[in-house]
Amino acid sequence: MISANIQFGSKQIEFRVEYTDRKTLGITVTPEMDVLVKAPNDSTMPKIKEKLQKKAAWILKQQSFFLTFHPKATDRKYISGETHLYLGRQYILKVDESDQESIKLKGKFIEVKARNKSRVKDLIKSWYLERARSKFHSTAQPLIEKFKKYNVEPSSIVLREMATRWGSCTPKGKIILNPELIKAPKGCIEYVIIHELCHLIHRDHTQRFIDLQTKEMKDWEKWKGKLERLLA
């Protein structure tokens, strides 16, 4: 593959070109926001860049769309007084040493009892994972029932930490959700699940995909925006 870039206003768009036997030029934006170009063998770079310039606005729109699914990396110290998100609300971490380890929500606090401070991070991660497993499945079930009218149903829903995605849908119909999503409001969780359920019907982000998503969640743009502002 050959790497190159074009300038569109103040934005620089990097892309990679693969030459093939195809007759037309195709442009794909991946969920990781990479721009891939498949071009006929006789295509020149100026012609490729000309086509990309014409599609630049669409490329940036697609990259912005996928940014929704990129979790924000935030350094945490896991000490008392630090704030942590759960279902869209900020809670204050309160850490105490104790032989009996536990975590519970109490008012505006996440109270953690740990044998020593080095255990706090692992305890909180396990707590988030347990909450995510329960909340995601209870949230997904009625949505799955709604989508049965389209004669589709996910083969399973699993949780997996992903560096650059909130959710994904495999070709075999397995929906994968990032447990970090438990930090977002319920509406954001529903949005990601509905997004992936729509992929059981339309694999690409075509207008038909957007129309279906809008039909099943009229205010999806609101929750997409919340997810971007809060975690992406």
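For the chain, compute the orientation-averaged projected area of the C-alpha convex hull (one quarter of its surface), in nm².
15.8
Roughly what % of Cα-Cα distances in segment 51-171 sit above 16 Å, to the whole percent? Working shown, then result.
Values: 5300 of 7260 pairs.
Tail of the P(r) past 16 Å holds 73 percent of the pairs.
Beta carbons within 10 angstrom, averaged per residue: use that to sort the peptides 206-213, 9-16, 176-183, 30-37, highest first.
176-183, 30-37, 206-213, 9-16
Rounded to two decimals, what is the ratio between the C-alpha radius of gyration of segment 142-196 and 2.2 N^0.38 Å?
Output field value: 1.11.
Considering all alpha-carbon pairs of segment 122-232, what whole percent are spaced by more than 19 angstrom? Present the calculation step by step, with values, prior to reporting the outcome.
Working: 2554 of 6105 pairs.
I get 42 percent for the Cα pairs in segment 122-232 exceeding 19 Å.
Which net charge results when you count Lys and Arg as +1 and Asp and Glu as -1 among the other residues whose beta-carbon is under 13 Å from that of Asn116?
For residues surrounding Asn116, the net value is 0.
Can you figure out the FRET efficiency of Val158 with Arg208, using R₀ = 25 Å and their beta-carbon distance, to the nearest 0.05?
So, using R0 = 25 Å, E works out to roughly 0.40.
With a cut-off of 8 Å between alpha carbons and a minimum separation of six or more residues, what is the relative contact order of segment 132-232 in percent?
25
Give me the dipole magnitude in Debye, nearest 20, for segment 36-150 about the Cα centre, with unit charges on the beta carbon: positive for Lys and Arg, negative for Asp and Glu.
500
For Ile110, enumerate residues with amide H under 5 Å from its amide H, sequence gap 5+ or separate chain, H modeled in the peptide plane.
Ile92, Leu93, Lys94
Keeping all protein chains in place, calculate the accessible area per residue for segment 71-213 (probe 1.4 angstrom), answer in Å².
Dividing the accessible area of segment 71-213 by its residue count gives 55 Å².
The values are calculated or read from the model by the stated rules, or taken from the named source; none is laboratory data. Just so we're clear, the structure is a prediction, and the values are computed from it rather than from any experiment. Virtual Cβ from ideal backbone geometry, glycine too; neighbours counted across all protein chains shown. Note: areas computed on protein heavy atoms with side chains; ligands, DNA, RNA excluded. Shrake-Rupley method; radii C 1.70, N 1.55, O 1.52, S 1.80 Å.
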